[in-house]
Amino acid sequence: MPDDVEPAGNLPSESNPVEANRHLSLLGATGVGVGAIVGGGILALAGTAIATTGPAAVVAFAINGGIALLTAISFAEMASKFPESGGTYTFSRKVMSVEAAFTVGWVVWFASIVAAVLYAIGFGSFASLMLREMQLALGFASGLDHRGGWETTFALSATFFLFVAMTLRTGGGASWPNVLKVLVFAVLILGGVWAVTQQPIQTSLGALQPFFQVEGRDPASMTWTVSLFGLVQAMGYTFIALQGFDLIAAVGGEVKRPQRNIPRAMILSLLIALAIYLPLLLVLLAAGASPTESTIDIARRTPETVVADAAKNYLGTAGYWLVIVAAVLSMFTALQANLFAASRIALAMAKDRTLPPSLSRIHARRGTPWMAVGATTLLIAVLVVIVPDVSAAGAASSLIFLITFAIAHWLAILVRNRSKESPPPFRGPAFPLIPIVGGLACLALAIFQGIAVPAAGLIAVTWLSIGGALFLLFFARQARLTDVSDIAYNPELLRLRGKSPLVLVPIANPNNARAMISLADAMVPSAAGRVLVQTIVRAPDSWDPTVDPAPVHTLHQVQAEVLQASATMKVRTETLTTVAPDPMREIARVSQLHRCEAVVLGLSEITSDSEGTPQEKLLGELATDVIVLRSPPGWEWSRIKRVLVPVGGKGGHDHLLARLLSSISRHAAIWQSEVGPVEFVRVVSNDLGEKEMLALNRDLKRMAAEHTRTMSRSNLVASDDPVDTIASQADENTLVILGAQRIGPRKKLFGRFVRQVAQQTQGPIIVLSRRG
């Protein structure tokens with residue numbers, strides 16, 4: 001069967017067409033934040049805030065704005081360090097385990113989808129209301145029943161329109177709707193300021209007195225405790241109105257000059273939102289009263305339409321229409337921003353195999369992640385139709401965002417502390433005060449949200465349970481393989497996760513020192529971990545160096561070669577010398593004592609002896625990953641031209657194999673070797689049927705894609721002599737990687753196949769033995 005070259009299972013971000021094509025400028029990135037933040041929140045939640053705490057709603061929005069700015073600083077710092085798409089999921093993926101990162105990504109994806117659903121429904125509601133009002137204005141007495149199916153029709157139409165737009169052309173800044181929306185709000189604010197100047201100043205001040213109010217209480221009997229509680233309530237209800245700056249980080253892989261533009265876009269989008277929200281609230285309160293009702297009374301009667309009613313009071317019918325136009329534009333841009341960001345979260349997760357890999361497909365001609373956009377759009381459309389309790393779903397979205405914001409602050413502290421050698425390009429001031437204060441504030445608001453709307457917590461837990469089951473059943477294996485490969489390819493992830501693994505390298509033959517130290521450094525570079533070289537003086541307990549100096553001379557030769565190899569290759573090693581009659585037992589003791597993550601063993605030859613050699617006994621005693629290198633005398637890694645991986649079925653060394661292949665790929669430049677595609681070969685019987693051959697070939701291709709960071713080649717060969725087939729493909733410049741045979745929970749052997757291949761080949765061989 002002919003060879004097939006497969007692309008890597010998870011390539012660096014530069015090779016991703018979406019992230020390689022950074023098309024969002026500072027203005028475009030700011031547009032994503034403005035599109036998500038400005039409009040929808042103030043229109044939906046201003047009435048609730050005013051009804052809860054009166055004119056102090058301005059203070060509630062201002063404090064929430066401060067908390068959001070603190071959170072944006074933490075997001076901006078991490079986004080400058082990791083300028084990739086995915087937002088909080090990507091940050092978690094760098095710092096936490098793959099399981100924890102999936103949990104964060106799964107709930108953030110859901111929260112963004114639910115937010116998009118709310119804005120889609122809001123768009124449908126206001127669009128149908130606008131059409132109805134237009135019909136009435138044109139003399140159609142009945143008008144359109146905007147409470148019927150038209151709301152859903154408009155909501156789905158907008159959602160699928162955006163799907164088509166995002167499939168044809170990548171983008172999410174929504175420039176012209178954003179500009180129109182901001183202009184409409186500017187007119188509303190300026191009209192309110194004009195109205196305030198036309199009325200006595202006592203009237204304006206009176207509308208703001210008393211500043212703190214609580215529904216159902218006599219203002220004269222209020223206490224500061226009650227006032228403060230109402231303020232906190234208003235903050236809890238309305239913080240979600242400022243959510244959206246985080247979406248800029250979610251699409252960070254498409255932002256030009258991300259280290260500079262992402263932090264600026266986040267801060268700018270929040271400042272623009274606050275510059276609209278705070279003045280608008282003030283003019284609504286000061287000038288939005290009718291002859292019979294104050295703005296506060298209107299908010300308590302109909303909180304969902306208080307902005308429209310108040311604008312109508314001070315600008316007439318034109319004010320009412322301006323609010324409707326602003327609402328339609330706001331809901332559309334917020335829907336677009338959340339769909340855009342949610343699809344990029346799905347794309348990032350699919351690339352990491354924490355969602356189906358098919359979602360990472362990129363349109364060949366347009367460069368758009370059409371599968372991720374399509375899956376996200378489909379979920380939004382389904383929820384638009386079937387969600388019975390929109391308010392509870394919205395509260396769940398708010399709760400999830402607040403929890404993930406708190407997590408983001410914590411991650412920002414970890415990233416700063418663990419990135420001493422390569423700190424984030426953007427670093428927030430007053431560290432760690434800002435992430436501590438911001439994280440505690442977000443956590444407190446999340447607790448309030450969970451208490452205020454218990455159904456929100458139930459929805460979040462249900463979605464999380466579904467995700468956990470799907471992860472364990474379908475995604476866990478591939479996701480963990482990808483994670484191992486990523487860590488091997490980018491060792492900085494070890495530091496970011498607070499790990500400093502130790503690799504033990506016992507060396508007895510000075511001829512193997514250079515090759516073994518190179519391999520250990522590839523597995524764990526000194527910048528991320530430690531390489532401990534162990535030299536053993538093999539001598540009986542009664543040994544007298546003055547009588548038998550030979551072991552000392554051998555030790556000096558080994559140490560001199562280790563020192564020379566470490567210096568020339570610039571590998572920082574630690575050395576340990578012990579005297580023991582049984583070297584294998586001493587290796588096991590040192591490995592356990594120092595809690596080594598891996599042990600690299602060197603053998604001059606893998607013999608054809610039967611089971612039970614000292615090396616095989618050691619494999620059973622070591623509770624670590626073991627990499628056994630058989631290399632010719634004086635062999636160096638620069639001679640590698642091909643890597644051959646024979647596959648015999650489902651093995652237990654997948655994680656170690658992925659780690660080794662990614663380490664070799666990363667280290668090839670240092671070894672000055674030009675390694676071609678990694679070749680995965682499986683030898684099957686000549687009498688195997690065509691159907692079985694096709695199935696095995698698909699499995700082999702999938703395995704090749706899962707385990708490699710570079711190009712891979714899969715080759716299914718029909719032969720009745722697998723040893724001869726493999727040996728014929730391996731020359732002295734071919735590295736052959738094989739797996740140890742496991743017999744029972746502790747016993748591991750090289751196995752007959754490994755021994756026979758070793759006997760028929762002269763080149764280097766690595767035998768892998770997975771821990772446990």
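The values are calculated or read from the model by the stated rules, or taken from the named source; none is laboratory data. Bear in mind the structure is a predicted one, so any value in this text is a computation, not a measurement. Using ideal geometry, Cβ is built from the backbone for each residue, glycine included, and neighbour counts are taken over all protein chains shown. For the accessible areas, the whole protein counts, side chains as well, though only heavy atoms, and no ligand, DNA or RNA atoms are used. Shrake-Rupley method; radii C 1.70, N 1.55, O 1.52, S 1.80 Å.
Summary table below
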quantity	calculated
Filter result (hydroxyl-bearing (S, T, Y) and over 17 Å from A705 (Cβ atoms)) within segment 347-391	T368, T376, T377, S391
Residue selected from segment 312-356 under the condition within 22 Å of A195 (Cα to Cα) and of a type in the set (F, W, Y), by the criterion surrounded by the most Cβ atoms within 10 Å (Cβ to Cβ)	Y314
Residue count for segment 430-457, restricted to those that are touching a residue at least 40 places away in the same chain (Cβ under 8 Å), in a helix (DSSP H, G or I) and either among the β-branched types (V, I, T) or more than 30 Å from R416 (Cβ to Cβ) (or both)	6
Residue match in segment 360-378 (condition: free of Cβ contacts under 8 Å to residues at least 12 places away in the same chain, assigned to a helix (DSSP H, G or I), open to solvent by 10 Å² or more (accessible area, probe 1.4 Å) and not polar (S, T, N, Q))	yes
Meets criteria (within 30 Å of V387 (Cα to Cα), open to solvent by 20 Å² or more (accessible area, probe 1.4 Å) and either out of contact with any helix residue (DSSP H, G or I) (no Cβ under 6 Å at 6 or more places or on another chain) or at pLDDT 90 or above (or both)) for A444	yes
Unmet criterion (only one of (1) closer than 30 Å to V558 by Cα; (2) surrounded by fewer than 19 Cβ atoms within 10 Å (Cβ to Cβ); (3) under 18 Å from the mean Cα position of the chain (by Cα)) for L493	(1)
Matching residues in segment 705-732 - criterion: being part of a loop (DSSP other than H, G, I, E, B), touching a residue at least 40 places away in the same chain (Cβ under 8 Å) and surrounded by 14 or more Cβ atoms within 10 Å (Cβ to Cβ)	T708, R709, T710, M711, A730
Every pair of residues 6+ apart whose Cβ atoms lie under 6 Å, when the first sits in segment 460-479 and is without any contact (Cβ under 8 Å) to a residue 40 or more places away in the chain while the second is assigned to a helix (DSSP H, G or I)	none
Residue ID - nearest to I386 (Cα to Cα), chosen from residues in segment 136-153 that are modelled with pLDDT of 80 or more and either open to solvent by 60 Å² or more (accessible area, probe 1.4 Å) or not acidic (D, E) (or both)	T152
Qualifying residue in segment 229-251 (condition: open to solvent by 30 Å² or more (accessible area, probe 1.4 Å), within 20 Å of the chain's Cα centre (by Cα), modelled with pLDDT under 95 and not charged (D, E, K, R))	no
Residue match in segment 404-419 (condition: touching a residue at least 40 places away in the same chain (Cβ under 8 Å), under 23 Å from T152 (Cα atoms), charged (D, E, K, R) and open to solvent by 40 Å² or more (accessible area, probe 1.4 Å))	no
Residue match in segment 514-537 (condition: more than 23 Å from L657 (Cα to Cα), open to solvent by 60 Å² or more (accessible area, probe 1.4 Å) and among the β-branched types (V, I, T))	no
